[in-house]
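The values are calculated or read from the model by the stated rules, or taken from the named source; none is laboratory data. Note that the structure is a prediction, hence the values are computed from the model and not measured. Cβ: placed from backbone, ideal geometry, glycine included. Neighbour counts: every protein chain shown.
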C-alpha cells in the first residue's frame, strides 16, 4: 500500500533486459539503502515491485512480463529519473490517497500549459479507463497522488504546483511521453461491482 507521496527521485543505474522481463537497479539520493530490506515492496513510477538486492547506495528490483506490458518501465534508460515511494508503514500518516501500485495503463501527455503558479498537464486516456476519471477525484500519475481538475471525452487535466514539478519526474515529462496511470481503486470497486443488487456501472 502506498499514498502517492514521492519520497525520492532515483536514478536508473543499470538495466538488464530479456524479452519482456528485466532487472532494474536504482540509485537513491534522499532515501537510504540501509532502510531497504530484501522482499520489501517499493513503488517505482507508481509500480509496486519487490527489492531483490540491496546495493551500496540503492537497490535492485525484477519486473515480470505483465509489468513490462502495463507500465512505462520498459522504456527506461540508464540515467533516467524515477519516482520512488517505499511502502506505507502502519504508523505513517495517510497523505495523498490509497495507491496500490497496480498500474492500470499508460497514457500520453498531450498538452502542457502554465497557469500562474501552476502547470496544467493534459493526458489522453485509453477509452476503457475514462469512466474511472472524475473531476476532483484522485489519480496516481507515475506514482504521484494528484487531483483531477477537469475531464474531457478522452482526456483529463491535473494542475501541479512548483514543488511537485521539482520533486517528481512529472516536471520533466515531455509532450507525447507516456506516464503510468492508476485510477482510484474505490471508483473501480463501485463501477465494476454490484453493491446491494444495484449495478452502479449503468
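When region 17-32 is filtered for residues that are touching a strand residue (DSSP E or B) at 6+ places or on another chain (Cβ under 6 Å) and farther than 15 Å from residue 169 by Cβ, the ones remaining, listed by number, are 22, 23, 25, 31.
Just checking, does region 111-120 include any residue being touching a residue at least 12 places away in the same chain (Cβ under 8 Å) and within 16 Å of the chain's Cα centre (by Cα)? No, region 111-120 contains no residue that is touching a residue at least 12 places away in the same chain (Cβ under 8 Å) and within 16 Å of the chain's Cα centre (by Cα).
What strands (runs of 3 or more DSSP E) lie completely within region 74-158 and have 2 or more residues being modelled with pLDDT of 95 or more and within 21 Å of residue 191 (Cβ to Cβ)?
On the way: elements: 81-86, 105-115, 118-124, 138-141, 144-151.
Answer list for region 74-158: 105-115, 118-124, 138-141, 144-151.
Quick grid of which residues meet (1) in the same structural domain as residue 158 (by TED's automatic domain parsing); (2) exposed (fewer than 14 other Cβ atoms within 10 Å of the Cβ):
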position	(1), (2)
30	no, yes
45	no, no
60	no, no
91	no, yes
116	yes, yes
